[in-house]
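Participant: The structure that follows is given in the form of structure tokens.
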Amino acid sequence: GAGVSQSPSNKVTEKGKDVELRCDPISGHTALYWYRQSLGQGLEFLIYFQGNSAPDKSGLPSDRFSAERTGGSVSTLTIQRTQQEDSAVYLCASSLPASGGVSSYEQYFGPGTRLTVT
Amino acid sequence: GQNIDQPTEMTATEGAIVQINCTYQTSGFNGLFWYQQHAGEAPTFLSYNVLDGLEEKGRFSSFLSRSKGYSYLLLKELQMKDSASYLCAPEGAGSYQLTFGKGTKLSVIP
């Protein structure tokens, strides 16, 4: 079946501009995550959505970053007034919801959006 | 907070066995994931350990010791296509937050 899709695959923008990154999760996956991966670094958690619950925004690096998820499916990550340090690959992942017990579900990652701020 | 330590790079020979270690310190712990990430690609799931011990899945096995904050990924009969980064990701007590290590870049040579 279809996996997680992200668009655009590449985005080059000028410093100070706003950008929107889109994620389309796997159908039926109510959990959705955004991560950022800078060159040579690990994945940095940004935000988590689970169903209709309030999102966990604890990983967002500044108030220039925001995300929303419409209808419990597609999500958009918005970066306002982009800075050069925002350059990274932004990865979206989805999964079935964690049970809260002893088991969790693997996250399926999209191909990512490579953002370059010039 | 979270602190994850794994070697930056490793090199191994095709057909050999390699063990990638990961130590972690987390505020609350639910389980630990291992992901594989080929250069320029998204991570893909390899294993998930909740209980202590070894989980075997084909050529790949993963071990967890909760009391020691330690895990390893064991790759047997290495193939060239196993050249990739291997990411250790302990899961915090919230049961959804993963903290990824910087990854171990494995190079398999002929």
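Participant: Which one is farthest from A:GLY3 (Cα to Cα), of the residues in the stretch A:93-102 that are modelled with pLDDT under 75 and more than 7 Å from every other protein chain (Cβ to nearest Cβ)?
Facilitator: A:GLY101
Participant: Among the residues of the stretch B:50-99, what is the count of those that are assigned to a strand (DSSP E or B), within 14 Å of chain A (Cβ to nearest Cβ), open to solvent by 60 Å² or more (accessible area, probe 1.4 Å) and acidic (Asp, Glu)?
Facilitator: Total satisfying the criteria: 1.
Participant: Can you pull out the residues in the stretch A:8-25 that are more than 13 Å from chain B (Cβ to nearest Cβ) and more than 11 Å from the chain's Cα centre (by Cα)?
Facilitator: Once the filter is applied, which keeps residues that are more than 13 Å from chain B (Cβ to nearest Cβ) and more than 11 Å from the chain's Cα centre (by Cα), the stretch A:8-25 yields A:PRO8, A:LYS11, A:VAL12, A:THR13, A:GLU14, A:LYS15, A:GLY16, A:LYS17, A:ASP18, A:VAL19.
Participant: Residues being in a loop (DSSP other than H, G, I, E, B) and surrounded by 13 or more Cβ atoms within 10 Å (Cβ to Cβ): count how many of those fall in the stretch B:28-40.
Facilitator: The qualifying residues number 3.
Participant: Are there any pairs, at least 6 apart or on different chains, whose C-beta atoms fall under 6 Å, with the first in the stretch A:34-46 and at the interface with chain B (Cβ under 7 Å from one of its Cβ atoms) and the second open to solvent by 10 Å² or more (accessible area, probe 1.4 Å) and among the polar types (S, T, N, Q), and if so, which?
Facilitator: From the stretch A:34-46, the pairs are A:LEU43/A:GLN37.
Participant: Could you check the stretch B:6-27 and list, in sequence order, the residues that are in a strand (DSSP E or B), open to solvent by 40 Å² or more (accessible area, probe 1.4 Å) and modelled with pLDDT of 95 or more?
Facilitator: Matches in the stretch B:6-27: B:GLU9, B:MET10, B:THR11, B:THR13, B:GLN19, B:ASN21, B:THR23.
Participant: Mind listing whichever residues of the stretch A:47-66 are in contact (Cβ under 8 Å) with a residue 40 or more places away in the chain and either more than 13 Å from chain B (Cβ to nearest Cβ) or outside any loop (DSSP other than H, G, I, E, B) (or both)?
Facilitator: A:GLN50 - this is the single residue of the stretch A:47-66 that is in contact (Cβ under 8 Å) with a residue 40 or more places away in the chain and either more than 13 Å from chain B (Cβ to nearest Cβ) or outside any loop (DSSP other than H, G, I, E, B) (or both).
The values are calculated or read from the model by the stated rules, or taken from the named source; none is laboratory data. No experiment lies behind these values; they were computed from the predicted model shown. Heads up, the Cβs are rebuilt from the backbone with ideal geometry, glycines too, and the neighbour counts pull from every protein chain shown. To get the accessible areas, we keep the full protein, side chains included, count just its heavy atoms, and leave off ligands, DNA and RNA. Shrake-Rupley method; radii C 1.70, N 1.55, O 1.52, S 1.80 Å.
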